[in-house]
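Quick one: this structure, given as structure tokens, is what I'll be asking you about.
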Amino acid sequence: MLKKQLLIYCLALFFLPVRVMAAECNAPTCYSLISAKDNYHLEIQTTQTVPINQLFSLDIIITNSEGKPLTSKIDLDLDASMPQHNHGMNVKPVIKNLGEGKFQVEGMLFHMSGAWTLSFTITKGITREAAQWVVEVQ
Amino acid sequence: MIRHRGILLLVIGLAFNAHAELNLPTTIHENTKQTGYATTQLATAPHLEGVKPSQTTTETPVHFTVHELSQIKHLTLSHRLAPQDLSNKYATHPLAIALGKVLFFDTRLSSDHQVACATCHNPKQGWSTPDPRISLRGVTLKRHTPSLWNTGYQRWQFWDGRADSLWLQAIESMENEAEMKGDRVHAVRLILADANLQTSYRSIFGELPPTLSLTALPLRAKPRPKQEGITVTDETIHQAWEQLPATVRQDINQVTTHLMKSIAAFEMTITSPPTRVDQFIDQLIVDQGQITTNNSWLNSEEQQGLKLFVSKAQCIQCHSGSNFSDGEFHRIFFDKSPDWGRAIGISSLLSNPFNGNSVYADQHPLPNRLELLNAVSTIPFRAAFKTPSLRNLSTSAPYMHDGRFASLDEVIKHYNEIQPRGHHAEAVLKPLGLTPQEQEYLVQFLQVLSSQL
């Protein structure tokens with residue numbers, strides 16, 4: 001039974017599209033992610049601990065998987081949802097591409113407490129790659 | 001190979017999970033800060049003077065978990081600042097507040113001099129009306145009048161949020177043919193004709209534009225409404241507006257905006273005082289989550305109600321923060337309602353020439369306003385309505401956007417037996433399974449939010 005559970009967990013991890021990396025920057029206002037196919041490293045800086053029902057912004061720096069600056073132009077899309085509630089944000093954030101893999105996201109609003117999943121989509125040419133960040137808001 | 005990789009990933013995954021948990025926002029340091037803040041507030045806050053603890057002493061204190069406390073601490077008024085509206089630079093102007101109060105109770109703002117703001121927002125009825133849906137001139141409105149208690153803290157106005165400021169809300173209600181049946185030219189003419197009002201206006205906003213005079217303006221004029229649900233009875237009113245020169249229309253809009261900003265300034269003063277709930281929470285924070293013998297602000301039943309509010313009943317999911325409202329929109333009824341609520345409210349707001357991105361807002365760009373106007377219109381917003389504040393709710397029955405429930409017992413019964421339908425329903429809406437006793441505790445707690453100190 002235990003073996004079976006272990007196997008399921010291993011398989012789940014193997015197929016898990018996104019992994020949350022240990023923070024190299026200083027939490028609770030800085031987070032690091034690796035994208036689904038390991039091609040990008042995202043460093044997400046917030047101005048404060050993600051608040052409940054207050055607007056907040058994100059500064060995002062995207063580098064390659066080795067943490068080096070990108071040589072190609074990329075674009076970023078971001079949405080957030082509450083899977084346990086079956087809905088997302090009531091506002092659409094404004095994303096500014098500052099170049100060199102730097103993005104500023106304004107107008108984020110988590111109006112309810114609980115687990116929020118931020119879904120990032122990085123676009124380079126015709127290729128897309130996802131990254132996710134799950135944050136518990138209290 | 002797969003097996004080895006799986007075990008490796010298991011180890012890595014566990015490590016990641018551990019770090020991820022560490023990375024999650026913690027409230028421990030916040031609790032510490034809040035405790036210090038609350039202590040200061042408790043020692044100096046003038047609202048504590050004269051406050052009487054609950055007559056019933058706490059016999060069986062409940063225990064609040066750390067998670068419950070982290071939510072409860074946001075409910076107290078001690079953290080609340082005065083309401084702000086950066087789009088209205090007159091929001092705290094004393095003379096604007098005074099003028100706004102006069103206009104709020106003045107039926108002359110309606111074209112037939114029958115309806116004032118206070119007709120529906122009656123201060124003696126919790127700034128609302130006891131009618132589920134008020135009838136004006138023989139026509140019943142489709143929604144219950146929202147209470148104005150703490151309305152200055154709401155980021156959206158109306159049940160459907162079709163206004164992003166109180167002054168826009170005032171314009172909308174004034175010009176709505178089903179409500180005040182007024183118009184902007186009629187409002188300007190009121191100022192031009194009344195010497196006292198004109199003096200007040202000049203002292204706040206300066207001279208009236210020279211293009212505006214009683215002889216130059218038609219009796220009534222306003223643009224054709226774009227919003228649904230607004231009935232138009234007289235086409236000549238719109239024709240009169242279209243015949244006015246653009247500069248005159250702009251001057252009329254500016255003066256109208258000034259008048260409505262003064263009403264908004266008055267409405268922002270309608271804030272509820274602290275209750276026994278606030279005192280209980282403040283003391284709870286001081287005592288680091290323990291209910292001590294000093295803390296008899298809530299009796300045992302009311303404490304049980306508070307615990308249910310943040311736990312089993314899950315009211316806190318939407319009724320959060322010091323206003324007991326997340327200020328956002330939720331669908332809680334699943335009958336076939338013809339009222340689309342927020343789904344229509346968004347489009348109305350975005351197309352409104354007086355919204356927060358308009359030239360009539362006093363700060364450009366408004367911090368945070370641009371993002372708020374990027375509201376997302378999605379199917380889940382259909383028949384969704386704004387979460388009302390629960391403060392002073394005992395004075396503003398009946399309840400819900402259409403006033404369908406006469407009592408708090410009925411409201412709780414609804415949530416206790418709720419059966420959401422459709423794949424867009426909020427997944428957290430489930431039958432609560434509260435016992436009759438628990439429902440009674442919850443009602444007792446909610447009633448304390450209207451307690452007089």
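Give me, ordered by chain and number, the residues 5 or more places off residue B:176 or on other chains with an amide H under 5 Å from its own placed amide H.
B:181, B:182
Under a 5 Å amide H to amide H cut-off, with H placed in plane at 1.01 Å, what residues pair with residue A:88 once short-range neighbours are removed?
A:82
What's the local net charge at residue B:260, with K and R +1, D and E -1, over the other residues with C-beta under 11 Å away? It would help to have the intermediate numbers written out before the result.
On the way: positive: B:184, B:261; negative: B:172, B:175, B:267.
Around residue B:260, the charge tally is -1.
If you don't mind, there's one more thing I want to ask. How high is the relative contact order of region B:84-129, in percent, counting Cα pairs under 8 Å that sit 6 or more residues apart?
Relative contact order, region B:84-129: 18 percent.
When only the heavy atoms of the protein chains count and the probe is 1.4 Å, how do B:297, B:149, A:116 rank by accessible area, highest first?
B:149, B:297, A:116
Same structure again: Within a Cβ distance under 15 Å of residue B:434, other residues only, what is the Lys/Arg minus Asp/Glu net charge? Don't skip to the end; give the middle numbers.
On the way: positive: B:307, B:312, B:413, B:430; negative: B:301, B:409, B:410, B:417, B:438, B:440.
Neighbour charge sum, excluding residue B:434 itself: -2.
Right, something else. With a 1.4 Å probe, what is the total accessible area buried between chains B and A, in Å² rounded to the nearest 100? Before the final figure, lay out the partial values.
On the way: alone 22000 and 8760 Å², together 27300 Å².
That pair hides around 3500 Å² of surface in total.
Moving to a separate point now. Quick one: accessible surface of residue B:307, probe radius 1.4 Å, all protein chains present, in square angstrom to the nearest 10.
Around 50 Å² of this residue is reachable by solvent.
Keeping all protein chains in place and using 1.4 angstrom, which order do B:142, B:312, B:124 fall into by accessible surface area, from largest down? List each step's numbers first, then the result.
Working: B:142 120, B:312 85, B:124 180 Å².
Heavy-atom accessible area, descending, gives B:124, B:142, B:312.
Under the Karplus relation 6.51 cos²θ - 1.76 cosθ + 1.60, θ = phi - 60°, what is the ordered set of whole-Hz ³J(HN,Hα) values for region B:307-312, x standing for Gly and Pro?
For region B:307-312, the Karplus curve yields 5, 4, 4, 9, 10, 4 Hz.
Just to verify a number: what accessible area does residue B:346 come out at with the full protein assembly present, 1.4 Å probe, Å² rounded to tens?
Here the residue's solvent-accessible area equals roughly 10 Å².
Let me ask something else. Residue-wise, which Karplus ³J(HN,Hα) couplings in Hz belong to region A:47-55, taking 6.51 cos²θ - 1.76 cosθ + 1.60, θ = phi - 60°, and x for glycine or proline?
6, 7, 4, 3, x, 8, 6, 9, 5
Still on this structure, I have one more. Can you run phi through the Karplus equation (6.51, -1.76, 1.60; θ = phi - 60°) for region B:437-447 and list ³J(HN,Hα) in whole Hz, with x for Gly and Pro?
Couplings: 5, 5, 4, 5, 4, 5, 4, 4, 5, 4, 5 Hz.
Under the rule of at least 5 residues apart or a separate chain, name every residue whose amide H is placed under 5 Å from the amide H of residue A:108.
A:56
For residue B:105, what accessible area in Å² do you get when you roll a 1.4 Å probe over the heavy atoms of the protein chains, rounding to the nearest 10?
Accessible area, nearest 10 Å²: 90 Å².
Shielding of B:326-335 by partners, i.e. mean partner chain Cβ atoms within 10 Å per residue? Don't skip to the end; give the middle numbers.
Working: counts 8, 4, 7, 2, 5, 1, 0, 0, 0, 0.
What the average comes to for B:326-335 is 3.
In the structure shown, do any of B:312/B:336; A:96/B:73; B:73/B:312 have a Cα-Cα gap over 24 Å, and if so which?
Violating the 24 Å limit, Cα to Cα: B:312/B:336; A:96/B:73.
The values are calculated or read from the model by the stated rules, or taken from the named source; none is laboratory data. What you see is a predicted model, and the numbers here were worked out from it, not measured in a lab. So basically every Cβ, Gly included, is an ideal-geometry build from the backbone, and we count neighbours across all protein chains shown. Quick note on the areas: whole protein, heavy atoms, side chains included, nothing else; ligands and nucleic acids left out. Shrake-Rupley method; radii C 1.70, N 1.55, O 1.52, S 1.80 Å.
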